Number of protein chains: 2
Amino acid sequence: MSNSNQGLSVAIVGATGMVGQEMCRVLGQRKFPVGKLKALASERSAGMTVQCNGNTFEVETIDENSFDGVDLALFSAGADVSLMYAPAAVESGAMVIDNSSAWRMKENVPLVVPEVNPDDLRENEGIIANPNCCTIPLTVVLEPLRREAGLDRVLVSTYQSASGAGKKLVDELDEQTKAIAAGRVPEVTVYTHQLAHNVVPGGWKSVQEGYNEEEIKLVQETRKILHEPGLRIAATCVRVPVPVSHGESVFVDTERMISADDARTLLGNSPGVIVEDDPAAKIYPTPASVAGKDEVYVGRIRNDLSSSRGLALWIVSDNVRKGAALNAVQIAERVIEMGGL
Amino acid sequence: MSNSNQGLSVAIVGATGMVGQEMCRVLGQRKFPVGKLKALASERSAGMTVQCNGNTFEVETIDENSFDGVDLALFSAGADVSLMYAPAAVESGAMVIDNSSAWRMKENVPLVVPEVNPDDLRENEGIIANPNCCTIPLTVVLEPLRREAGLDRVLVSTYQSASGAGKKLVDELDEQTKAIAAGRVPEVTVYTHQLAHNVVPGGWKSVQEGYNEEEIKLVQETRKILHEPGLRIAATCVRVPVPVSHGESVFVDTERMISADDARTLLGNSPGVIVEDDPAAKIYPTPASVAGKDEVYVGRIRNDLSSSRGLALWIVSDNVRKGAALNAVQIAERVIEMGGL
């Protein structure tokens, strides 16, 4: 347990990545009680330094002993690293909040969005999983609707930014953008297809019956977070040439009818949600306008023309921030409030 | 009626626009029997010249007498011009094929996709309407499914390219791309929001209960073309930073169960459709790969995880070509086959 006067000893695993860097920023911006900070990464990043709250940290190569004296370990270095080192961190007495997919669907691992299912944090074995960057905004919007009207069916089409695949794809999008601007043919090395001036309905690992990993995550994680194991839900995931923020076009069938007006009011009063919905005045959220924001933005709220108890919605959220780093830090804040750190 | 030995006298209204220019190319590529060609446009384009099949044509300003001796008038100059001049063209004895939305929902005007409802051409009063650029590919894919398994409900989320809004937005996307590549802030003058490195869930005129014109067109036109006036269908339309080709993520509930495998075979044997569907091998259609192609491409064909009789699909089609110019010329070819020209 921590020495609360001096703050917590925090380790960021994957400190050189986009999400690790955003975790640094978020900890500083929210005045998270960091006493000591440790920047960990794989051997590839050994010797690098990272900036965090104005201080420079040398990146240490992760090993089993990295977590001695650490209170809180924020993992964002991929599923393999989490599988290998999260147990060692727990063994050392640290609370792990893991941004990878490694632990999300394990039975004794809470998968938490603080606005949605904070009480799931109470029962844990030292590892808390941070959901997928599309699942988080989706559940923040679905939960108020679920409580008010029940959920019958959810169909999602995503518009996911390059940063969801990491800094390499953001850089490739930049390079391709420059190539197009200069009249050159864009090079494709990181992703499956050209992303600039294109959209790509794939790039994730194929897993079952034509679905990819990302789509299955969205389905399974949403069911777990909402405590609706039988929820009828499907998704088609598409990558778009946007640096940051994911969009989602969602059709929701509720169990009981809810009007678009009532849904607008309900969502406007829900935690972590901002409604921007006046299309006649050109007001709706876009990835560019939501980048850097903490909240999940919703617009284009309509009664579904094809159903008497359906809604159509457009959701946008900063995938690096609320979809990853911010949600992880919000989880840690909740754990502190509950006395778990 | 035409003098078939010398070919038809064809007028292109809106000859200087993107679709008008594509009509020129398509007429040439398909060796359409053009005897004489007339390039018409509004006063703004007076004095300009256009290239068509290697010949240069001076653009004439449209008026009531422009259609004397014209057999076929292809209109693509917006709904106002079509409303004003299509009746004059018919009066002069021309067959009008209109790419605007002006006449599409009128009772005695056939709205035709040649692969889907060619027989609707038989009853007409001189004006045939060419459907919306999202409706055409959607119906080409839905019709075989409708015949095989019946349609219960269709939910569409679009990924629409800049060219759907005309050359001005394509140019704005280019300018914004150059600005981003040079580290400048992109200027926004044509569209409601920055399009480069962004996606915009609007930009069309708001019409009813939060829906915009584009979404309502997709709904109403699909019902008319498929002869399913009660079809349950809804759409969310989104503009993406792509020059050409529209994508559509579609969830279809059929009346009778059809497996993804059977749907793949069925669509692979359907007119005007090409199936590209092997995501594990990174094979799925993208706007960049479909640009310039005649067919409607379908991939990501899956059984909907949320329904026992549902399919998820990803459709891509060149909106300037099959979504507009090509479909109009294919209609004219069908009319010729039927002896109507």
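Given the range A:147-193, what whole percent of its Cα pairs are spread farther than 15 Å? The partial results should precede the final answer.
Details: 639 of 1081 pairs.
Considering the range A:147-193, 59 percent of its Cα-Cα pairs are separated by more than 15 Å.
For a test of the definition: using alpha carbon positions, the gyration tensor, and the 1.5 limit on a/c, classify chain A as rounded, prolate or oblate. Taking the square roots of the gyration eigenvalues as a ≥ b ≥ c, chain A is oblate. Residues in the range A:31-40 carry Karplus couplings, in order, of 6, 5, x, 8, x, 9, 10, 10, 9, 10 Hz; the curve used is 6.51 cos²θ - 1.76 cosθ + 1.60 with θ = phi - 60°, and Gly or Pro positions show x. The orientation-averaged projected area of the convex hull spanned by the Cα atoms of the protein assembly as shown comes to 29.8 nm².
Rolled with a 1.4 Å probe across the full set of protein chains, the surface gives residue A:321 an accessible area near 20 Å².
Ranked by the mean number of other Cβ atoms within 10 Å per residue, highest first, peptides A:182-194, A:277-289 order as A:277-289, A:182-194. Structural size metrics of the range A:41-200, computed from C-alpha coordinates, are Rg and Dmax of 19.6, 57 Å.
In order along the range A:264-272, the phi-based Karplus estimate (6.51 cos²θ - 1.76 cosθ + 1.60, θ = phi - 60°) of 3J(HN,Hα) comes to 5, 5, 4, 5, x, 9, 9, x, x Hz; Gly and Pro are listed as x.
Accessible surface calculations at 1.4 Å, restricted to protein heavy atoms, place the protein assembly as shown at 38 Å² per residue. For the set A:85, B:159, the ranking by accessible area, highest first and with no ligand, DNA or RNA atoms included, is A:85, B:159 under a 1.4 Å probe. Shown for residue B:83: label points 7 Å from Cα along the beta-carbon vector, and their distances to the equivalent points in the other copies, 6.3 nm in ascending order.
In chain A, the longest principal axis of the Cα atoms and the axis of helix A:79-91 are about 50 degrees apart. Which one, B:339, B:108, A:263, projects farthest toward the positive side of the charge dipole computed for the protein assembly as shown from Cβ point charges (K/R +1, D/E -1)? The residue sitting most towards the positive pole is B:339.
Taking the C-alpha atoms only, the angle from helix A:213-225 to the longest principal axis of chain A is near 90 degrees. Entry note, chain B: relative contact order of 18 percent, from Cα contacts under 8 Å with a spacing of 6+ residues.
Take every pair of alpha-carbon atoms less than 8 Å apart whose residues are at least six positions apart; their mean separation over the length of the range B:159-215 yields a relative contact order of 20 percent. Accessible surface ranking for B:161, B:76, 1.4 angstrom probe, highest first: B:76, B:161. Think of each Lys and Arg Cβ as +1 and each Asp and Glu Cβ as -1; about the Cα centre, that makes the dipole of the range A:1-101 roughly 520 debye.
From the Cα gyration tensor of the range A:188-290, with a ≥ b ≥ c the square roots of its eigenvalues, which class applies: rounded if a/c is under 1.5, or else prolate if a/b is larger than b/c, or else oblate? Let's see the in-between values first.
On the way: a/c = 2.54, a/b = 1.26, b/c = 2.01.
Oblate is the answer for the range A:188-290, as a/c is 1.5 or above yet b/c matches or exceeds a/b.
Neighbouring Cβ atoms from other chains, within 10 Å of the Cβ of residues in A:206-215, number 4 on average.
Would you work out the charge dipole size for the range B:123-183 about its Cα centre, treating the Cβ of every Lys and Arg as +1 and the Cβ of every Asp and Glu as -1, and quote it to the nearest 20 debye?
Numbers: 6 positive and 9 negative charges, 34 e Å.
My answer is approximately 160 debye.
When restricted to Cα atoms, the range B:250-318 yields an Rg and a Dmax of 12.1, 36 Å, respectively. Report, to the nearest 10°, how far helix A:135-149 tilts away from the longest principal axis of the Cα atoms in chain A, using its own Cα long axis and a range of 0 to 90°. That works out to roughly 50 degrees.
For Cα pairs less than 8 Å apart in space and 6+ apart in sequence, what is the mean separation divided by the residue count of the range A:1-146, i.e. the relative contact order in percent? Please list the in-between numbers first.
On the way: 281 pairs, mean separation 27.0, N = 146.
Value for the range A:1-146: 19 percent.
Only protein atoms count toward the accessible area here, which uses a 1.4 Å probe; on the protein assembly as shown, the carbon and sulfur part of that area reaches 45 percent.
Among the lysines of the range A:188-341, pairs that are 8 or more positions apart or on different chains and have alpha carbons within less than 25 Å of each other number 9.
Anyone know which of B:299, B:28, B:230 comes out most mobile in the 10 Å Cα GNM of chain B? Between B:299, B:28, B:230, it is B:230 that shows the largest mean-square fluctuation. Ligands, DNA and RNA excluded, the heavy atoms of residue A:8 present near 10 Å² of accessible surface to a 1.4 Å solvent probe.
For the range B:182-231, the normalised intensity computed at q = 0.22, 0.26, 0.27, 0.31 Å⁻¹ comes to -0.84, -0.98, -1.01, -1.11 (log10 of I(q)/I(0), Debye sum over alpha carbons, equal scatterers, no solvent).
Along the axis of the charge dipole computed for the range A:97-168 (Cβ charges of +1 for Lys and Arg, -1 for Asp and Glu, origin at the Cα centre), the listed residues A:159, A:124, A:135 are led at the positive end by A:159. Reducing the range B:213-262 and the range A:1-77 to their Cα centroids gives an inter-centroid distance of 48 Å.
Taking every pair of distinct Cα atoms and averaging 1/r, then inverting, what Kirkwood hydrodynamic radius in Å comes out for the range A:1-78?
One over the average 1/r among Cα pairs gives 12.4 Å for the range A:1-78.
Note on chain A: GNM, Cα springs under 10 Å; of A:51, A:29, A:176, the largest mean-square fluctuation is that of A:29.
Give the peptides A:241-253, A:305-317 in descending order of average Cβ contacts within 10 Å, highest first. Can you show the working numbers first?
Numbers: A:241-253: 26.0, A:305-317: 23.2.
The densest-packed peptide leads the list: A:241-253, A:305-317.
In plain terms, if you count all Cα to Cα distances in the range A:132-265 and split them into 10 Å steps from zero, the share in each step is 12, 37, 27, 16, 7, 0 percent.
For the interface of A with B, what's the total buried accessible surface in square angstrom, probe 1.4 angstrom, rounded to the nearest hundred? Can you show the working numbers first?
Values: alone 15450 and 15460 Å², together 25810 Å².
That pair of chains buries around 5100 Å² in total.
Scanning residues 5 or more positions from residue B:207 or on other chains, those with amide H under 5 Å from its amide H are B:212, B:213, with H placed 1.01 Å from N in the peptide plane.
With the convex hull built on the Cα atoms of the range A:35-130, state its orientation-averaged projected area in nm².
Result: 6.7 nm².
So if I place +1 on the C-beta of Lys and Arg and -1 on the C-beta of Asp and Glu, and nothing else carries charge, what would the dipole magnitude of chain B be about its Cα centre? I want it in debye, nearest 20. Before the final figure, lay out each step's value.
On the way: 32 positive and 45 negative charges, 137 e Å.
Result for chain B is approximately 660 debye, rounded to the nearest 20.
Based on DSSP, what percent of beta bridges with both residues in the protein assembly as shown are antiparallel, to the nearest 5? So the antiparallel bridges amount to about 50 percent of the total.
Using only Cα atoms, what is the ratio of the radius of gyration of the range A:84-138 to 2.2 N^0.38 Å? Present the calculation step by step, with values, prior to reporting the outcome.
Details: Rg = 11.0 Å, N = 55, 2.2 N^0.38 = 10.1 Å.
Here the answer is 1.09, to two decimals.
The values are calculated or read from the model by the stated rules, or taken from the named source; none is laboratory data. Bear in mind the structure is a predicted one, so any value in this text is a computation, not a measurement. Glycine gets a Cβ as well: all are built from the backbone with ideal geometry, and neighbour counts include every protein chain shown. Side chains included, ligands, DNA and RNA excluded: accessible areas come from the protein's heavy atoms. Shrake-Rupley method; radii C 1.70, N 1.55, O 1.52, S 1.80 Å.
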